[in-house]
Amino acid sequence: MNEPRKTYFTTDGFNPEIWFAGLTYGHTWNGWAVPYFTKEVALEIVALMPNNLRYSEETDSFIYNDIEFTKSEDYNEYFNADEINGQKYYSIGGCSWCWYEVVEEEV
């Protein structure tokens, strides 16, 4: 596997000027970026969508449910911790959300 590199991400769900620092291995899902975020950055994402995304200490994961979209309180996506270079990262929305990598010229 390639070494991850630091970059920034945004997604259609947020204002395009809102970027989140994270890591990427350069992999994509259906053409979309697959980001990895520290817990601190992931909690910033939670703050922007508190009705749909939360952190669970019990499972050490972020849990997403958009009831308006899924029409079910029981359908949850879990974003568990991955260890990368000795630190925990969470792939919030990785392989399910439309993340864009912010190109260097925009930073």
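Summary of computed values
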{"read-out": "Meets criteria (assigned to a helix (DSSP H, G or I) and either modelled with pLDDT of 95 or more or of a type in the set (Gly, Ala, Ser) (or both)) for Ala81", "value": "no"}
{"read-out": "Pick from region 1-60, criterion among the acidic types (Asp, Glu) and modelled with pLDDT under 90, ranking: farthest from Tyr90 (Cα to Cα)", "value": "Glu17"}
{"read-out": "Residues of region 25-40 classified as surrounded by fewer than 21 Cβ atoms within 10 Å (Cβ to Cβ) and more than 13 Å from Trp97 (Cα to Cα), total", "value": "6"}
{"read-out": "Unique residue being β-branched (Val, Ile, Thr), over 15 Å from Ser96 (Cα atoms) and surrounded by fewer than 14 Cβ atoms within 10 Å (Cβ to Cβ) when the list is Thr7, Thr59", "value": "Thr59"}
{"read-out": "Condition check for Asn2: in a strand (DSSP E or B) and open to solvent by 80 Å² or more (accessible area, probe 1.4 Å)", "value": "no"}
{"read-out": "Scope region 80-94; condition in contact (Cβ under 8 Å) with a residue 24 or more places away in the chain and over 16 Å from Pro4 (Cβ atoms); matching residues", "value": "Gly93"}
{"read-out": "Residue check, Asn65 of a type outside the set (Asp, Glu) and open to solvent by less than 30 Å² (accessible area, probe 1.4 Å)", "value": "yes"}
{"read-out": "Any hit, region 41-55, residues being touching a residue at least 24 places away in the same chain (Cβ under 8 Å), surrounded by 12 or more Cβ atoms within 10 Å (Cβ to Cβ) and in a loop (DSSP other than H, G, I, E, B)", "value": "yes"}
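The values are calculated or read from the model by the stated rules, or taken from the named source; none is laboratory data. Just so it is clear, the model here is predicted, and its values are computed rather than measured. Cβ coordinates were reconstructed from backbone atoms using ideal geometry, including for glycine residues, and neighbour counts include every protein chain displayed. Side chains included, ligands, DNA and RNA excluded: accessible areas come from the protein's heavy atoms. Shrake-Rupley method; radii C 1.70, N 1.55, O 1.52, S 1.80 Å.
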